Amino acid sequence: MRLSLDSFEVYKPKYCITVMSHIRIAPIPVTHIGWGAAEKLIDEVKKFSTGKILVVADPVLKQIGVIDQVFAPLRNGDQQFDLYTDIIPEPLLETGQKLVDFARKGNYSLVIGIGGGSALDLAKLAAVFLANGGNVEEYLNLTGNKILQKKGVPKILIPTTSGTGAEVTNISVLALEHTKDVISHDYLIADIAIVDPQLTVTVPAKVTAATGADALTHAIEAYISVNANHYSDGLALQAISLISGSLREAVANGQDKRARTDMAYGSYIAGLSFFNAGVGAVHALAYPLGGQFHIPHGDSNAVLLPYVMNYIRNSCFVKMGRIYQAMGGNTENISAEEASIKCIYSLAELLKDIGIPDSLPGFNVPLSALEQLTTDGVKQKRLLARCPMKLTEKDISNIYASAFSGTLIR
């Protein structure tokens, strides 16, 4: 049975439980999810002893009237806020630092992020760095030497795409010269998440496809992660079912309420799954692709997904058969290995149906770039460590080569 509800609120205490030594149940923000959930914003804002509020938003949301729509109750209640829209997709380290510098001058007591994953990740940084000194660069995973010491001010996150899961994760992603890096800490977790699929109906088909593929990748990589557990597996399979069953419809008809609702739930649940189990090799190889060629994160994941999964298939073919089942595939009278092969081609077919190019040249990536992509991909050790197959530099080179030629090889 597929989970699909029109209105649903989840209230979860923020806690962390360790069961055995390797299973971590992540803190979950108080969440309102369902059609029209954005109406809950004013009630949540009132719960905080608010002074000045900073709203970090995708600039397009102001242009199309979404900001006026969502924040009208605040204005009508004489609750003033400053709107910051100087952000870009796949934000650079400099973008994050510029926002942090702005926020520090404002003495804000609440930060609200609204938009896609980039806006939400930047809002997290603004809230946390109001209470932590130094530059953003000093806290990066790959090269930084500092750890966040204070939580910062409360933050409310409102996604307007169904993809990143940023509203329930503890990371902020920033683009560097050749790759991407993250700041990771539980202080980055939202206090409140508001997931309203009604806010996604104006998202263009191309963006719907890329963000939806991103969410699907989150769920798949969480499911095959070496850190997966029964908790994350249940979330991941439900997310795979919801997303694979509704993404085509959401891309073809953005006004489809059922498809948009299922995608919103699927993205949210996928976020919970990968927060607990992590993502792996697809993301590791997508980071350099996005960093060097400024390809949207969802597209970077999508174009690599079939090739990575095909290459590592022998290390997780049983689980890949279950992924195929979750996508609606019939596994009667076939082996787990056969089901895993069908899984690869089902993924490739889905991505083709939603308009994702099936090879790197489709994103204008030249053959000459593969060597540098490989060099930078190897550096993503945090992500590669979660892959069920230990990938060498040669393996990574082979995957990029396969994605360039458009040939599924092993």
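The values are calculated or read from the model by the stated rules, or taken from the named source; none is laboratory data. Here the structure is a predicted model, which is why all the values come from computation and not from measurement. Glycine also receives a Cβ, built like all others from the backbone with ideal geometry; neighbour counts cover every protein chain displayed. Each accessible area value is taken on the protein alone, full model and side chains, heavy atoms only, with ligands, DNA and RNA left out. Shrake-Rupley method; radii C 1.70, N 1.55, O 1.52, S 1.80 Å.
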- Just checking, which of 95, 50 is polar (S, T, N, Q) and within 21 Å of the chain's Cα centre (by Cα)? 95
- Item | Filtered residues of region 184-202 (kept if surrounded by 24 or more Cβ atoms within 10 Å (Cβ to Cβ) and of a type in the set (Val, Ile, Thr)) | 194, 195, 200
- Quick one: would you say residue 303 is farther than 23 Å from residue 169 by Cα, crowded, with 24+ Cβ neighbours inside 10 Å and β-branched (Val, Ile, Thr)? yes
- Message: Criterion first (at pLDDT 95 or above and in contact with a His (Cβ under 9 Å, 6 or more places away or on another chain)) does residue 196 satisfy it?
- Response: yes
- How many residues are in a helix (DSSP H, G or I) and either over 28 Å from residue 184 (Cα atoms) or in contact (Cβ under 8 Å) with a residue 24 or more places away in the chain (or both) when one looks only at region 389-410? 12
- Message: Let me spell it out: the conditions are (1) in contact with a Ser or Thr (Cβ under 8 Å, 6 or more places away or on another chain); (2) of a type outside the set (Gly, Ala, Ser); (3) open to solvent by 30 Å² or more (accessible area, probe 1.4 Å), and residue 320 meets all of them except one. Which number is the exception?
- Response: (3)
- Selection count where residues are of a type in the set (A, V, I, L, M) and closer than 16 Å to residue 271 by Cα, scope region 235-259: 7
- Note on the structure: The number of residues in region 266-286 that are open to solvent by less than 10 Å² (accessible area, probe 1.4 Å) and of a type in the set (Ser, Thr, Tyr) is 2
- In region 207-239, anything open to solvent by 20 Å² or more (accessible area, probe 1.4 Å) and part of a helix (DSSP H, G or I) is listed as 207, 211, 230, 231, 233, 234, 235, 237, 238
- Message: Please go through region 367-379 and give me each residue that is among the hydroxyl-bearing types (Ser, Thr, Tyr) and buried (at least 18 other Cβ atoms within 10 Å of the Cβ), ordered by number.
- Response: 374
- Answer from 392, 374 - the residue that is modelled with pLDDT of 95 or more, in contact with a Ser or Thr (Cβ under 9 Å, 6 or more places away or on another chain) and farther than 24 Å from residue 233 by Cα: 374
- Item | So residue 364, is it open to solvent by 50 Å² or more (accessible area, probe 1.4 Å) and under 22 Å from residue 219 (Cβ atoms) | no
- Task: Select from region 1-39 the residues that are modelled with pLDDT of 90 or more, more than 29 Å from residue 328 (Cβ to Cβ) and surrounded by 19 or more Cβ atoms within 10 Å (Cβ to Cβ) and list them in ascending order.
- Result: 32, 38
- Message: When you check residue 169 against the structure, is it open to solvent by 30 Å² or more (accessible area, probe 1.4 Å), within 30 Å of residue 255 (Cα to Cα) and in contact with a helix residue (DSSP H, G or I) (Cβ under 8 Å, 6 or more places away or on another chain), yes or no?
- Response: no
- Item | From the options 313, 382, 386, residue that is open to solvent by 60 Å² or more (accessible area, probe 1.4 Å) and in contact (Cβ under 8 Å) with a residue 40 or more places away in the chain | 382
- Message: With the structure loaded, tell me whether residue 181 is acidic (Asp, Glu), in contact (Cβ under 8 Å) with a residue 24 or more places away in the chain and open to solvent by less than 10 Å² (accessible area, probe 1.4 Å) or whether it fails that test.
- Response: yes
- In region 42-75, how many residues are closer than 24 Å to residue 118 by Cβ, in contact with a strand residue (DSSP E or B) (Cβ under 9 Å, 6 or more places away or on another chain), of a type in the set (A, V, I, L, M, F, W, C) and not in a helix (DSSP H, G or I)? 5
- Message: Checking residue 344 against (1) open to solvent by 60 Å² or more (accessible area, probe 1.4 Å); (2) in a helix (DSSP H, G or I); (3) not polar (S, T, N, Q): exactly one of these is not met. Which one?
- Response: (1)
